[in-house]
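K.L.:
To start, I am sharing the structure in question, which I have written as structure tokens.
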Amino acid sequence: MKICLFGSSFNPPHIAHKQIVEGLKELGFDQVVIIPTGNPNHKKINITNTERMMLVAAFAKECDVDVSYHEVENEFAYTVESLDYLNFKDSDQVYLTIGGDSVNTLPTWDYFENLKSRVTFVIVDRPGVILDRDVLAQIDYIQLDIETTDVSSTELRNNLNPKLLPTLVYETIVDNGIVLK
């Protein structure tokens with residue numbers, strides 16, 4: 001199987017995440033799996049895991065993709081932990097979606113050598129980011145050439161805008177009184 005993983009804090013899932021999923025589907029993967037991060041080393045998540053899983057469930061339903069909560073449930077901090085947990089078959093082709101802004105830092109990631117030997121990266125362009133050719137030469141990758149709405153989860157936590165959220169995500173926030181911080 002050709003499987004694409006898309007991890008993010010999804011705090012909250014927004015319209016750009018949805019646009020990325022739509023682009024991934026056009027690449028013909030057999031399965032797209034959304035993975036909310038467990039215990040990211042680089043950011044603090046201020047809603048409960050239960051609330052975040054509710055938002056991701058709504059997002060996955062609207063986008064018609066699979067979701068795995070294993071990182072949240074096991075407090076994984078590293079992508080290789082997910083790969084070990086998911087225990088893919090040797091015949092599976094595993095792809096990992098990352099933003100262009102993350103590409104240049106890949107060599108600093110813990111377990112980078114292990115990771116790059118196990119996945120093909122799907123790089124989502126970010127405006128203004130110039131990809132480091134030396135890093136690209138070290139990895140197998142494809143580029144997802146789509147335009148996404150310029151929005152950040154941080155901005156949405158400060159100013160909730162229903163136009164920048166998938167419908168079911170917005171409804172879940174409102175219906176459950178979730179306060180984004």
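K.L.:
With the structure loaded, tell me whether residue 18 is without any contact (Cβ under 8 Å) to a residue 60 or more places away in the chain and basic (Lys, Arg) or whether it fails that test.
P.N.:
Considered against the rule, which asks whether it is without any contact (Cβ under 8 Å) to a residue 60 or more places away in the chain and basic (Lys, Arg), residue 18 comes out as no.
K.L.:
OK, next. What number of residues in the stretch 93-118 are in contact with a strand residue (DSSP E or B) (Cβ under 9 Å, 6 or more places away or on another chain), open to solvent by less than 60 Å² (accessible area, probe 1.4 Å) and without any contact (Cβ under 8 Å) to a residue 60 or more places away in the chain?
P.N.:
7
K.L.:
Further, regarding this structure: If I filter the stretch 65-89 down to residues being among the acidic types (Asp, Glu) and under 15 Å from the mean Cα position of the chain (by Cα), which single residue comes out as surrounded by the most Cβ atoms within 10 Å (Cβ to Cβ)?
P.N.:
Applying the filter and picking the extreme gives 71.
K.L.:
Taking residue 5 as the residue in question, decide whether it is open to solvent by less than 10 Å² (accessible area, probe 1.4 Å), assigned to a strand (DSSP E or B) and modelled with pLDDT of 95 or more.
P.N.:
When the stated conditions are applied, residue 5 passes them.
K.L.:
Let me ask something else. For residues that are over 21 Å from residue 78 (Cβ atoms) and either at pLDDT 95 or above or open to solvent by 20 Å² or more (accessible area, probe 1.4 Å) (or both), tally how many sit in the stretch 33-51.
P.N.:
Going through the stretch 33-51 one residue at a time, the tally reaches 4.
K.L.:
Something else: Looking at the stretch 76-99, is at least one residue closer than 30 Å to residue 171 by Cβ, part of a helix (DSSP H, G or I), among the charged types (D, E, K, R) and modelled with pLDDT under 95?
P.N.:
no
K.L.:
Scan the stretch 127-166 for residues that are within 30 Å of residue 54 (Cα to Cα), open to solvent by less than 80 Å² (accessible area, probe 1.4 Å) and assigned to a helix (DSSP H, G or I) and jot them down.
P.N.:
Within the stretch 127-166, 153, 154, 156, 157, 162, 164 qualify.
The values are calculated or read from the model by the stated rules, or taken from the named source; none is laboratory data. The shown structure was predicted, so the numbers you read here are calculated from the model rather than taken from an experiment. Cβ sites come from the backbone with ideal geometry, for glycine too, and all protein chains shown count toward neighbours. All accessible areas refer to the heavy atoms of the entire protein, side chains included, with ligands and DNA or RNA removed. Shrake-Rupley method; radii C 1.70, N 1.55, O 1.52, S 1.80 Å.
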